[in-house]
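The values are calculated or read from the model by the stated rules, or taken from the named source; none is laboratory data. A quick note: this is a predicted structure, and the numbers were derived from the prediction, not measured. When we count neighbours, we look across all protein chains shown, and the Cβ atoms used for this are built from the backbone with ideal geometry, even at glycine. The accessibility values were calculated without ligands, DNA or RNA, using every heavy atom of the protein model including side chains. Shrake-Rupley method; radii C 1.70, N 1.55, O 1.52, S 1.80 Å.
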Amino acid sequence: MTPELRAKLLRYANEYEPFTAHNHIEITDIGEGHSRVELHLTSESMNRWGQPHGGILFTLADDACGIAMSGLRQETCVTVSSTVDFMATAGDARHLIARGEVTRAGKRTCFCRAEITTAEGKLIAACHSVWAYTGKPLPLDEG
């Protein structure tokens, strides 16, 4: 991946996804089939027990997988199915990191995984998902 393409993908991922931005999620790295996505937890991210809500963890994992796919092939994609295993609480952590990876890519479908950890490396959740490419190129040169 060229530095120019990487910069375009990061800009697109961070500036043109309002749901991600609204939830304080930032895409910090992208490569060919892998990604790093970070979440700075706020009070709105938490459940009633003071831990990250399962929905925000799912969003973080989903973003990590989708971004990893975009780095492999610059084409829009949609989630077909996804499973998240919640493995531990985040404790007092207020910064989480998801690393996404494409495990297998075909012509129309793609398999991905993501792991969510605290900044210190504690495993919080793991995700496996299946995606479909739409055939529509990402609009990287717009805006």
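Structure notes:
Quick grid of which residues meet (1) of a type in the set (A, V, I, L, M); (2) touching a residue at least 60 places away in the same chain (Cβ under 8 Å):
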residue	(1), (2)
GLN51	no, no
ALA61	yes, yes
PHE86	no, no
HIS95	no, no
THR117	no, no
VAL130	yes, no
PRO139	no, yes
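- When residues of segment 104-133 are limited to those that are part of a strand (DSSP E or B) and touching a Gly at 6+ places or on another chain (Cβ under 8 Å), the one most open to solvent (accessible area, probe 1.4 Å): ARG113
- If the condition is being open to solvent by 70 Å² or more (accessible area, probe 1.4 Å) and over 23 Å from VAL130 (Cβ atoms), then segment 18-47 contributes PRO18, HIS22, HIS24, GLU26, HIS40, SER43, GLU44.
- All positions within segment 48-77 that are hydrophobic (A, V, I, L, M, F, W, C), open to solvent by 30 Å² or more (accessible area, probe 1.4 Å) and modelled with pLDDT of 95 or more: PHE58
- Segment 3-17 - residue that is of a type in the set (D, E, K, R) and modelled with pLDDT of 90 or more and, of those, least open to solvent (accessible area, probe 1.4 Å): LYS8
- Some residue of segment 83-103 being surrounded by fewer than 16 Cβ atoms within 10 Å (Cβ to Cβ), of a type in the set (Lys, Arg) and assigned to a loop (DSSP other than H, G, I, E, B): yes
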